[in-house]
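Inspection log for the structure reproduced underneath, given as structure tokens.
Values in this text are rule-based calculations from the coordinates and carry no lab data. All figures in this text were calculated on a predicted structure; none of them were measured in a lab. Heads up, the Cβs are rebuilt from the backbone with ideal geometry, glycines too, and the neighbour counts pull from every protein chain shown.
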Amino acid sequence: MKANLKGSGGIKGLVLRHGEKVAIVVFGLLALWFAYSSLRLPRLQDQYQASKLQESVTQTTAAVQGATWPEPGSELAPEVRPWEPIDKKAGIRVQDKHYPFRGFDPPVIAASQLRTDPVILNAVDVLAIGGSGLLAFRDEETLKEQERLRVLKEAELRKEEERRAEEQAERAAEGLEGGQPGGRRRGGLDEGGPEFAAGEFDPDHPNRRLIEGIASPAGVPLQGGERLEQVYWATIVAKVPIREQLKRFQDAFQNARGGFDPARDFPRYIGYEVQRTSVEPGKPPVWTNVPVYDGQKNGKSKVLGNRPAGKFVNEASVVKLAGVASTEWAGPAIEPVDSRWTDSLLTMPLPPLVGRDFDADATHPDIPLAVNAPPVEQEIAPEPTATPADEPADADESFSAATPGQLQPGASFNMPMRSSYPGAGGIRGGGFPRGELGELGGGFRGRGFMRGMDQEEGMMRGGFPGGGMGAMAGGIASGQRMELPREVDYLLLRFFDFTVEKGKKYKYRVKIYLADPNYGIAATSGMLDSTVLDRQRKEATAAKAKKRAAPYFRGAAEFSEPSPTVGIPLGGLVHLAEAKLPSVKVHNDEPAVKLIAETFDIELADSSVLHVAHEKEFRRGAVVNLKEKMRYTGENDRWIDTKDDPYELNTGLTLLDIDGADTLVKDITSPSRVLLMDVAGQLSVRDELADASDVQYLRLIFNEDKRRQNRAGMPDGEFGPEVFRGPPGGGRGGR
């Protein structure tokens, strides 16, 4: 029955009337297309037809069933292996090399992971510390000149003694008072007091007096004849994340083909670059590389001349610097940092500083000094799983890594430092454990005590009598470290920039380089990932174009973050002695502090060291620059004298603010602090407690009354019996 489509018009009506017809036509066309397409399919070849395959199966079955062993002497007879009793081979030894030990419970399936390039981590938390002081260098010309002056001085003294002896004889003959026993000869041999013997009297300095009770000075030991130079420097310190770097190496190689081998895959630092920019208002930073110098000025170094030891810190520059230190540095500086946190390449040796020892200014705030270092724990030694690769031997043009393998065990600059002895370096208590003599450590900053112990026990600092190589002890050589103490997460990067100018401001950044653990592994070994092969191929091509060998090292992706701005001080140290609050009885009175300004200077007449210190009261806004008569000591604080003319002691420090000194109980006041600003605009804080031992020592040496009291029969003085073991030591660096 035909549907009633009345009222359905337009497209809707058209679809309802003819949609079924259109669908039938479409399906019919698709069926015809499938049938036509099947006719165009390729036909099976004749040899694969069923009849042919059945014939091949029949022939093969007949051949197998009718097969026989070849007759002896036929062509196929040698291919048959005759049976032999097993007892004839019982004496054959099994070759061990065919069955190597692969550890307990080895994986059933060999590692399929390939060796990739681990990320090279850069140094972090870069800081810079400005410093200045006297450095001592051996110099034959200076030694000859001092010897000439000494001979002339002795000749003058002999003439003076002969003249005085004649005068004494004449006075004795005339019955003068000066010739009687016990009489005092005006201008005579004992003019300087009972401390000086006749042979030690200096007519040019009649007021000079000996200082008793001081055993040995801080700083490098001076034997006489050294060339002294006033040097300014910036100490760049940073933390190198050795533990995190080791983890990156282990993650990359532990499950890779060849496994993790500490002899090859332990991170080996081979150098770093240091860049510097001057900080000037309105000028963009311009970064330039800082060469490696030994601290001498005016090209005095016979080895280096006006040339640096190297453009970068690498094995070649470190070896050259070690050679200069052994022959031209006056002696070794005490290393205050524990050797567990140092590295012979990363940690630059301390220069031969005179009069004071390096302390916190020689390390990063997050890397402890030896006196504060935790005890040694059990070390982690990864189990080797492969044989080490061969060492490479060339460099890249951007960073010269020198020739590897120069830092060998037993090299002179890898000798153990004083940090291996209890309490060595930097301790204010002179080797006493912290807390035994109070928070300050007691004593006079360890200056004389540990040194006196060394002399009594016959130990020479650094292991060399008077040599400078002890200063080169910078921890374990990079190529020899295959384990990491549990307590060490970072290694100390330390660099000295001796090309700075006083009063200027700088910023620094560094870039670390490590030996490539994938260098020397053959491309055909199947151990290296394609990314490693592509990198090595590109590096080899670029090096060949420049007629160089392919680099065996890799550097961090970019330089570190810049350090905070550092200013280079004018020179001189400042110690906070005490503070005084304003009096309530005086209107508009202000707080005041007593500061002790201290410096080390060069006596031009004989190139000796002068130690100058002066105490004075200052108020806020004052500049700690002095010009007046001052006392000074010489010959390692052996004698004291007074400058006839006003002496200029300029520190360039401005006293900005004073805090503390509040009354607690009766005459006891709270410790005080002062805020200082140097000429470069850098701020620093001095603390009364931290400076207490420095102040005690300087007051003992430069205070006339207390010195006379101790000579008058007070063996312990006001500081106890240990005071007179020696002058101060650690804790004076960088002040």
If you plug each phi of the stretch 152-157 into the Karplus form 6.51 cos²θ - 1.76 cosθ + 1.60 with θ = phi - 60°, what whole-Hz ³J(HN,Hα) values come out, in order, with x for Gly and Pro?
4, 5, 5, 5, 5, 5
Which of the peptides 206-212, 589-595, 62-68 is most tightly packed, and how do the rest follow, judged by the mean count of other Cβ atoms within 10 Å per residue?
589-595, 206-212, 62-68
Dipole of the stretch 213-283, positive end: most advanced residue of Trp233, Ala218, Gly282 [Cβ charges, Cα centre]:
Gly282
For a Förster distance of 51 Å, can you work out the FRET efficiency between the beta-carbons of Asp606 and Asp105, rounded to the nearest 0.05?
0.10
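Compactness ratio of the stretch 581-642: Cα Rg over 2.2 N^0.38 Å, N = residue count?
Values: Rg = 16.3 Å, N = 62, 2.2 N^0.38 = 10.6 Å.
Taking the Cα Rg and dividing by 2.2 N^0.38 Å, one obtains 1.55.
Name the shape class, rounded, prolate or oblate, that the alpha-carbon gyration tensor gives for the stretch 638-683, where a ≥ b ≥ c are the square roots of its eigenvalues, rounded holds for a/c under 1.5, and otherwise prolate holds if a/b is larger than b/c and oblate otherwise. Spell out each step's value before the answer.
Numbers: a/c = 3.72, a/b = 1.38, b/c = 2.71.
Oblate, since a/c reaches 1.5 and b/c is not below a/b.
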In nm, what is the difference between 0.36 nm times the number of residues separating Arg243 and Lys547 and their Cα-Cα distance?
105.8 nm
Taking a label point 7 Å from the Cα of Thr531 along Cα-to-Cβ, the residues of the stretch 542-562 whose backbone nitrogen sits under 13 Å from it are none
Work out from phi, with θ = phi - 60° and the Karplus expression 6.51 cos²θ - 1.76 cosθ + 1.60, the ³J(HN,Hα) of each residue of the stretch 16-22, listed in order in whole Hz, and give x for Gly and Pro.
5, 7, 10, x, 5, 5, 5
Amide hydrogen neighbours beyond the local backbone of Val279, cut-off 5 Å, H modeled:
Lys505, Tyr506, Lys507
Two-site label geometry, Thr565 and Glu147: point separation in nm, points 7 Å out along Cα→Cβ
5.1
Pseudo-spin-label distance Glu84 to Thr68, built 7 Å along Cα→Cβ, given in nm, is 2.8
Estimate the FRET efficiency between Lys297 and Glu212 by the formula 1/(1 + (r/R0)^6), using the beta-carbon distance for r and 45 Å for R0, to the nearest 0.05.
0.75
In Hz, Karplus ³J(HN,Hα) per residue of the stretch 556-570 (6.51, -1.76, 1.60; θ = phi - 60°; x = Gly, Pro)
4, 4, 7, 5, 5, 5, x, 6, x, 5, 10, x, 9, x, 6
Assuming a viscosity of 1.002 mPa s and a temperature of 20 °C, what translational diffusion coefficient in µm² per second does Stokes-Einstein assign to the stretch 217-288, Rh being the Kirkwood radius over Cα pairs?
120
Expressed in nanometres to one decimal, the distance between label points 7 Å along Cα→Cβ at Arg619 and Ser51 is 13.0
Taking amide H positions as placed 1.01 Å from N in the peptide plane, with prolines and chain starts having none, which residues 5 or more places from Arg138, or on another chain, fall under 5 Å of its amide H?
Arg227, Trp329, Ala330
Dividing the convex hull volume of the alpha carbon atoms of the stretch 249-381 by its residue count, what do you get in Å³ per residue?
205
Students often check this: by mean Cβ neighbours within 10 Å, which of 677-685, 15-23 ranks highest, and how do the rest follow?
677-685, 15-23
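Calculate the FRET efficiency for Asp662 and Gln682 from the Cβ-Cβ distance with a Förster distance of 30 Å, rounded to the nearest 0.05.
Numbers: r = 28 Å, r/R0 = 0.93.
After rounding, the FRET efficiency stands at 0.60.
Order these peptides, 482-490, 223-231, by their mean beta-carbon neighbour count within 10 angstrom, highest first.
Numbers: 482-490: 16.1, 223-231: 18.7.
Result, highest mean first: 223-231, 482-490.
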